[in-house]
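A short worksheet on the structure shown next.
Coordinate-derived values only; no laboratory data. In this text the structure is predicted, and so the values were computed from the model without any measurement. Cβ: placed from backbone, ideal geometry, glycine included. Neighbour counts: every protein chain shown.
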Amino acid sequence: MPLAQLLSGPVDVAARGLLGCVLSAHGVTVRLTEVEAYDGVGLDAASHAHRGRTPRNAVMFGRAGLAYVYFTYGMHWCLNVVCGEDGEASAVLLRAGSIVDGLELARSRRPSATDRDLARGPARLTQALAITGAQNGTDLLAKDSAVRLRPADPGTDHGSVEVRSGPRVGVVGEAQREWRFWLAGEPSVSTYRAAVVRRQRG
DNA sequence: TGATGGATTACA
DNA sequence: GTAATCCATCAA
């Protein structure tokens, strides 16, 4: 199935399908090993689009295959693939990947990380690929994009790789769903951390 | 206009 | 365990 068609369908199905796909940006390529699905307006309290369109989440309302990049915790960028039909506002957060090309460049961008940690986590992944808000709205499926998403290499046998699922990271309460998906046995999959109550500020 | 807290990470 | 550090969003 073409990637565009997969991404236009149900977001949890799209998320599973994204595992094993390759993402290239600025000289580094990763194979996606961990993703998280978020549904559209009114359907998923954990989604940035839950309360409707805002300046930040506007890209989520575009067509499937666009990059939604947001800034969080005052220092980190996270990359999502917009899914669903035009106007639906569902998306898949890319949480981790393993480096398949541009290893030296990735190392230079994250000097203190071990190889397995280079793109192990949503903000680490964007660091390794040098992705920032400047790439928000990029068409990941276009040939000439600085950030490109492609199907899993047909030559690789992914048929035997098991997809696991579990609760989403950083999501609490009734919004929780088993919508985090990863490839079994992949060292680059991030360790699960339950959401913690925010500490008191001074 | 001010308060709140976050789809995280690094380090003690 | 907890500090770092900006800003989108919301209540008033």
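Across the stretch A:67-147, how large is the tail of the calculated P(r) beyond 20 Å, expressed as a percent of all Cα pairs? Provide the component values of the computation, followed by the final result.
Values: 1112 of 3240 pairs.
Cα-Cα pairs in the stretch A:67-147 separated by more than 20 Å: 34 percent.
Can you put A:PHE61, A:PHE181, A:PHE71 in order of Cβ neighbours within 10 angstrom, beginning with the fewest? Please list the in-between numbers first.
On the way: A:PHE61 20, A:PHE181 25, A:PHE71 14.
Lowest count first: A:PHE71, A:PHE61, A:PHE181.
Distances over 20 Å make up what percent of all Cα-Cα pairs in the stretch A:8-166? Don't skip to the end; give the middle numbers.
On the way: 5840 of 12561 pairs.
Cα-Cα pairs in the stretch A:8-166 separated by more than 20 Å: 46 percent.
What net charge is computed for the residues neighbouring A:ASP139, neighbours being all others with C-beta under 15 Å from the C-beta of A:ASP139, Lys and Arg scored +1, Asp and Glu -1?
Net local charge, A:ASP139 excluded: +2.
Any chance you could run the full-extension gain for A:GLN5 through A:THR54? It's 0.36 nm times the residue separation minus the Cα-Cα distance, nm to one decimal. Walk me through the intermediate numbers first.
Values: separation 49, 0.36 × 49 = 17.64 nm, distance 2.63 nm.
So the chain would gain 15.0 nm between A:GLN5 and A:THR54.
Full-extension gain between A:ALA175 and A:LEU43, please, as 0.36 nm times their residue separation minus the C-alpha to C-alpha distance. Working shown, then result.
Numbers: separation 132, 0.36 × 132 = 47.52 nm, distance 0.93 nm.
Net length gain for the segment: 46.6 nm.
Looking only at Cα atoms, what is the convex hull volume of the stretch A:1-67 per residue, in Å³? Don't skip to the end; give the middle numbers.
Details: hull volume 6.9 nm³, N = 67.
It is 102 Å³ per residue.
Just to confirm a number: summing +1 for Lys and Arg and -1 for Asp and Glu over residues other than A:LEU129 whose beta-carbon lies under 12 angstrom from that of A:LEU129, what do you get? Provide the component values of the computation, followed by the final result.
Working: positive: A:ARG109, A:ARG110, A:ARG124, A:ARG148; negative: A:ASP101.
Around A:LEU129, the surrounding residues sum to +3.
At R0 = 22 Å, how high is the FRET efficiency between A:TYR192 and A:HIS76 if r is their beta carbon distance? Nearest 0.05 is fine.
On the way: r = 18 Å, r/R0 = 0.83.
That gives a FRET efficiency of 0.75.
Could you put A:TYR73, A:TYR68 in order, starting from the residue whose Cβ has the fewest other Cβ atoms within 10 Å? Walk me through the intermediate numbers first.
Values: A:TYR73 7, A:TYR68 28.
In order of increasing Cβ crowding within 10 Å: A:TYR73, A:TYR68.
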